[in-house]
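Right, one structure below, let's go through it.
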Amino acid sequence: MPGERHHGHHVGVLQASHQLIDWRPTVPRADRVKVKEHTCDCRATFYELCRAGGLMFVRRTHRLGGAVAVHESPWELSQQVEALWMRLLIGSAR
């Protein structure tokens, strides 16, 4: 319907034995970043699968009150980051 927001994926429930992602403060490294996929931003924390400069990374945005904190996973080859993205979606990485 016109004006209706598109919701992305929701992140799965965090599994007891999960991979810790090495979240780093965001640093401008490329002129343009393409968001390939994203999770729904209806929650306080949402994620984006990004591509820039021939590499990929996951961007995490956390909103609490009026504050916004943005972090990124390490920039790596597509295959590695797409696998990380899938682990994030099913709850085996956070």
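The values are calculated or read from the model by the stated rules, or taken from the named source; none is laboratory data. Because the structure is predicted, anything quoted here is derived from the model rather than measured. Please note: Cβ atoms are built from the backbone with ideal geometry, for glycine as well, and neighbour counts cover all protein chains shown. Just so you know, the surface numbers come from the protein's heavy atoms only, side chains and all, with ligands and any DNA or RNA stripped out. Shrake-Rupley method; radii C 1.70, N 1.55, O 1.52, S 1.80 Å.
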message: Could you work out the relative contact order of the chain? I mean the mean sequence separation of Cα pairs under 8 Å and 6+ apart, divided by the number of residues, in percent.
response: 34 percent
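Using helices alone, I'd like the mean residue ellipticity at 222 nm for the chain: each DSSP H run of four-plus residues gives -39500 (n - 2.57), total over residue count, nearest 500. Don't jump to the answer; show the numbers that get you there.
On the way: 1 runs with 13 residues, N = 94.
It lands at -4500 deg cm²/dmol.
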field: Candidate values (i) 61; (ii) 78; (iii) 57, label of the one derived for percent of Cα pairs over 15 Å apart
entry: (i)
- prompt: Which value, in debye to the nearest 20, gives the size of the charge dipole of the chain about its Cα centre, when Lys and Arg are +1 and Asp and Glu are -1 at the Cβ?
  reply: 120 debye
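Over the chain, with the other protein chains present, what is the accessible area per residue in square angstrom, probe 1.4 angstrom? Intermediate results must be reported in sequence, preceding the final value.
Numbers: 6210 Å² over 94 residues.
Accessible surface, normalised per residue, equals 66 Å².
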message: If I compute solvent accessible area with a 1.4 Å probe over the protein chains, what percent of it on the chain is carbon and sulfur?
response: 56 percent
- request: Kindly list the residues of region 47-66 that lie in the label zone of V27, defined by a backbone N under 19 Å from the point 7 Å along the Cα-to-C-beta vector.
  value: 50-61
message: Can you give the local net charge around R51? Use residues other than it whose beta-carbon is closer than 15 angstrom to its beta-carbon, Lys and Arg +1, Asp and Glu -1.
response: -1
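Just add up the charged neighbours of S73: K/R +1, D/E -1, any other residue whose Cβ is under 10 Å from the Cβ of S73.
Values: positive: R24, R59, R60; negative: D22, E72, E76.
Charge balance near S73 sits at 0.
Find how much the distance from D41 to E76 grows on full extension, using 0.36 nm per residue of separation minus their present alpha carbon separation; answer in nm with one decimal. All intermediate terms of the calculation are to be shown ahead of the outcome.
Working: separation 35, 0.36 × 35 = 12.60 nm, distance 2.43 nm.
So the chain would gain 10.2 nm between D41 and E76.
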